[in-house]
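Engineer: Input: one structure, supplied below.
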Amino acid sequence: MKINDLEQLESEDITTLPSTERRTFLKMGLAVTGMYLSGTVLSLTTAGRVNAANVVPESGEYPYNPHYSMVMREHLCIDCERCKEACTKTNHVPSHGFRTTILEKRRSLGGDAYETIFVPVLCNHCNRPPCVRVCPTTATWKDEKTGIVVMEPSRCIGCKTCMAACPYNARYFKEETRAVDKCNFCLDTRLSKGETTTACAEACPADVRVFGNLADPDSRVFQLLHSPGTTVWVLRPETGAMPNVFYINS
Amino acid sequence: MEGNVTITSAPEAIKPAINRLMWLALFMIFIGVAGAVYAQIIGHHHAFANTREMPWGMLIGVYAYFAIISTGLCVLAAFSHVFGGNRMAPVANRMVWLSIMALLGAFTVIGLEIENPWRMPLGVILHPNVTSNIWWMGTLYGMAVGIMLLEFGLILTKRFTAAVIFGVLAAIAESLANSNLGSVFASLSSHPFWYGAQLPIFFLGSAVLSGAAAIVLFTHYSYILQKKEIGEYTFLSLQTAGKIMILMTFLVSVATGWKFANAYSGSEAMVMAADSLTSGPLSTNFWVFEIGIGLALPCLLLVVTRLKSVYVMSTAALMILVGQFFSRFNLVVSGEIVPANYGFVGVPQYFSYSPTVAEYLLVIAGFGVVGFGFLAGEWFLGKVFHHKVFHPHTDIDHH
Amino acid sequence: MWGNYKMKKILLMLLFATFLFGGAILAATGGDQAKDDEYDEDEYGPADPIIWVKPVKSVVFEHKIHTMEAGLDCDSCHDDLFEMEAGVAEENDDFTMESLYDGGYCGSCHDGDTAFASDTRCTACHIGVRGHTRLVGEEEMPSH
C-alpha cells in the first residue's frame, strides 16, 4: 500500500466514532478506574484530562457545591509569611509542623541574573485524593458537602501512609493530638463560623491567595480561572490527584 | 490416634542449649519492647529518625522483611503439603510453624512502629476502608495467622486432609496480603520509584527466595542444636530449597536489573532514586549487601558446590536473608529519598536518614520474637517437625 | 554520602578551573576584578544591605547597585526621599506600596520610566522571610 492510499483510509480510532459512542467508551474506562479507586469522590473526570491543557474542571462538572478551591497569583507572593503566621494562630499549628508554607525557586534570566519566585503551598484538596484512598481506618475523607479533605484525629493510627501518599507534602504528624494534621481550609475554625475565607487568604497583604467556590460562576476564583488569556497550572499534575489549588500569573 | 494432641518436651540433652538461647531471645524482646515503649512515651518524632518528608524508615522495611519471609514459608509449605511428591514435604510442618512466628515478629515491629496501635483494632473494624492497601494487608495477614494456627492444630491432631485445605487457604491469604504490601508502595504515584506494577510481584518473588532460605537456615540450626546428623529425606528437602534459592536469586536479580533499566529511562526523579542506590548514599547497602552478599555470591556458592554441602547451603541461606534485609531497607528509603520539591531553593538532592537506637532496638525485638518462636518450636514440637513421625505424606511414603 | 562526595570533587575541579580562567581574565583586563575591594563606603554608602521588615518582611536595598553601578549620588535620595539614618522610613505609616505608586520613596524612580515600576518584579526587592533568614540568620526571626 502506498502512503497516498494509506492517507485516504478512514481512521479506525475513537476520533471517528459518534460522540455518544465515544462517551460510552470513556465512561467504561471511568467505571473501571472508579471501581478500583472506589469512591464517589474519585471519578470527576478521566485522569487523562489532567495532563491536557486544561487543569481546571469543566463548568458544571464540579462534584461539590460549594466546591472550595484556591487560586494562587504566584508572581505576587513576597514570602512575608503572614499566611503562615495566621494559619498557625488560627489552627493551633505547633512549631514543629506547618499546614501551609512558601517554597522558593529561581528562574534564570540569562547570565548570572535570576528572578526569585515564591510558591505558596498547602493541601490541594484533590478530587482524587491519594491520602484518602490509603487510610486504613477512614480517618481522613472528603467532606461530602464542600469537598474539603478533613481529618478525624481520634481515628488516626499513625501509620503515616497518607503522608507518604500525598504528592504535596501537605501532611505532618501532630504530637499534640497523636494524629496526622493538615489544612482543612479553616473549615472548623472559620468557615463553619460564618467566615467566607481562610485565615491565610485573609492575612495575605498582596492578594496572592484567592479562596472561593469554584462551582459559582460569579466567584472570584471562577472568574480568575476563566478569564481569557490566562495560563492556569497545578503542582504535580502527573500524579493524577486532580488538585483544587490553581496557580496563575495574571 | 486421631484427635490426640502431641506436644512433647525436648530431649534432655539439648535442653540447656535451647534454654540459654530462649533467655537470650526473651532478653532481645524485652530490650526492644522497652525501647519501643520509651519511643511511644517521648514520641516517635523524637525517638525515630523519620520526618515529615520521610515518614517511613527501617522499621517499615523490617516489617516487610519478616512478613515476606512468612509468606514465602507459608506458600512453600502449602505446595509441599499439597504435592507431597516434592521433596520439601519433610520440612513442611516446620515451615508452617516458622511462618507463624515470622508473622508474629512482623506484627511486633509494625505494631510498635505505628504511633497509636491501640486505635487500630477497633478502627479497622468500625471504619474499614476497602480502597486501602494497608487495610487489606492487615486484614489478610491477620486472617493468615489465624488460619495457620488452625492448620497447625490440625497437624498436631493429625487431621491431615483438613490441614492441607487450611494450608492452601493460608497460602492464598498470605500471597494476597503480601502483594497488598507491595501495592502499599506501588500504588503511590507521588513516589515514582515505587509506583508501578512490578513491586507486588517482586515481593512475591522475594518471598519465595526468603522462605526457601529461612527453612534451610532454621532446619540446619535445629540439627546443630540437637547435635544430630541430618537424615537423607531432610537433606533432600534442603536440596530442593537450595534449588529454589538458585532459581530465585537469578529471577530476583533479573527483576532488579529491569527495575533499574526502567528507572534510567524515566523521569529525573526516577533517575535520582536509582542513582541513590547505584552511586549515591545507599550504594554500599545496595552493591555490597543487597546484590553481592544477598544475590550474586549465594547463587554462585550454591551452583559451584552443586548443593552437596548442608553447611554451604546454610551459609548461602544466611547471606540471602542478610541481603533481603538490606533489600527491604533500600526499597523503603530509595523510594522516599528524592525530595518531591527537588530544584527549589534549599532543597537537598537527597534527604538523609540514619536509623536511631530506638529503631535498632525494635528490630532486635523482631528478631527476638522469631528466634524465640523457633526455639519454642524445637522445644515443644520437635517431634512434629521430624519427617518420619508426623506428616501427611511422608507418613505414607516412608513408613 | 557518596553522591555528595563525588559532587564535591566535581565542584572542586570546577572551582579550580574557574580560578585558572579567572586568572587569565584578570591578566587580560588589567585588574577589573579588584574593584570589588575598592568599594568606598564614604562615596557609595554602606556596603551592607539595608533590610526593612515593616510593614512586611522583608525588603532589601543595596547601596552598591544604586550608587556605584547605577551612578546615583547620595543626594539623589538623601535626605529628600530617605533619611540618612537607616530604619527611619519603615517607622512611617505611609511607607507602603501605595506611596510608591504615587511617586514616594522608591517609587520616585521605580515608576516604569527611570527604573522598573514598583508594581512589577516584586521579588527583586522583596526577599521575604526566607531571604531575610539567609542574610541575617535564623536568630533574628523570632516569629519563624
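The values are calculated or read from the model by the stated rules, or taken from the named source; none is laboratory data. Worth saying up front: this structure is predicted, and the values here are computed from it rather than measured. Cβ atoms come from the backbone with ideal geometry, glycine included; neighbour counts cover every protein chain shown. For accessibility, only protein heavy atoms count, side chains too; no ligands or nucleic acids. Shrake-Rupley method; radii C 1.70, N 1.55, O 1.52, S 1.80 Å.
Engineer: What whole number of Å gives the distance from the Cα centroid of region B:109-168 to the Cα centroid of region B:293-341?
Structural biologist: Cα centres, region B:293-341 to region B:109-168: 28 Å.
Engineer: A follow-up question, please. Lys and Arg at +1, Asp and Glu at -1: add these up for the other residues within a Cβ distance under 14 Å of B:LEU225 and post the number.
Structural biologist: So the surrounding residues net to +2.
Engineer: Which residues does the label zone of C:SER76 cover in region C:115-134, counting backbone N under 11 Å from a point 7 Å along Cα→Cβ?
Structural biologist: C:115, by backbone N distance to the label point.
Engineer: Continuing with this model, one more query. Determine the alpha carbon to alpha carbon distance for each of B:LYS158/B:LYS243; B:LYS228/B:LYS308; B:LYS15/B:LYS228; A:LYS142/A:LYS182 and list only those over 21 Å.
Structural biologist: From the list (B:LYS158/B:LYS243; B:LYS228/B:LYS308; B:LYS15/B:LYS228; A:LYS142/A:LYS182), the Cα-Cα distance tops 21 Å for B:LYS158/B:LYS243.
Engineer: Next up: Restricting to DSSP H runs of at least four residues, report the calculated mean residue ellipticity at 222 nm for chain B, -39500 (n - 2.57) per run over all residues, nearest 500 deg cm²/dmol. Walk me through the numbers on the way to the answer.
Structural biologist: Values: 14 runs with 280 residues, N = 399.
Rounded to the nearest 500, it is -24000 deg cm²/dmol.
Engineer: Can you compute the radius of gyration and Dmax for region A:56-248, using only the Cα atoms, both in Å?
Structural biologist: 16.5, 54
Engineer: Moving on. Of B:TRP258, B:TRP287, which has the most accessible area with a 1.4 Å probe, and how do the rest follow in descending order?
Structural biologist: Result of the area sort, largest leading: B:TRP258, B:TRP287.
Engineer: Which whole-number percentage describes the relative contact order of chain B, with Cα contacts under 8 Å and a sequence gap of 6 or more?
Structural biologist: Details: 637 pairs, mean separation 127.3, N = 399.
So the answer I get is 32 percent.
Engineer: Continuing with this model, one more query. Let me cross-check B:ILE293: its accessible surface, 1.4 Å probe, with only protein heavy atoms counted, in Å² to the nearest 10?
Structural biologist: Result for B:ILE293: roughly 50 Å² accessible.
Engineer: Now a separate question. Specify whether the C-alpha gyration tensor of region C:41-140 places it in the rounded, prolate or oblate class, a ≥ b ≥ c being the square roots of the eigenvalues: rounded for a/c under 1.5, otherwise prolate if a/b is larger than b/c and oblate if not.
Structural biologist: rounded
Engineer: Further, regarding this structure: Please identify the DSSP H helices in chain B that span no less than 24 Å along the helix axis (Cα) and have a mean Kyte-Doolittle hydropathy of -1.0 or more.
Structural biologist: B:15-42, B:58-82, B:92-113, B:133-156, B:160-186, B:198-226, B:232-264, B:310-336, B:357-385
Engineer: If each of C:TYR39 and B:LYS15 carries a label point 7 Å out from its Cα toward its Cβ, how far apart are those two points in nm?
Structural biologist: The two pseudo-label positions are separated by 8.5 nm.
Engineer: Enumerate the calculated ³J(HN,Hα) couplings along region C:91-107 in order (Karplus 6.51 cos²θ - 1.76 cosθ + 1.60, θ = phi - 60°), each rounded to whole Hz, writing x wherever the residue is Gly or Pro.
Structural biologist: Result, rounded to whole Hz: 7, 6, 5, 8, 7, 10, 4, 4, 4, 4, 5, 8, x, x, 6, 4, x.
Engineer: What span do the alpha-carbon atoms of chain B cover on each of the three principal axes, reported in whole Å from largest to smallest?
Structural biologist: 73, 49, 39
Engineer: Net charge within 12 Å of C:SER108 by Cβ-Cβ distance, Lys/Arg positive one each and Asp/Glu negative one each, not counting C:SER108 itself?
Structural biologist: Working: positive: none; negative: C:ASP80, C:ASP102, C:ASP111, C:ASP113.
Summing Lys and Arg as +1 and Asp and Glu as -1 gives -4.
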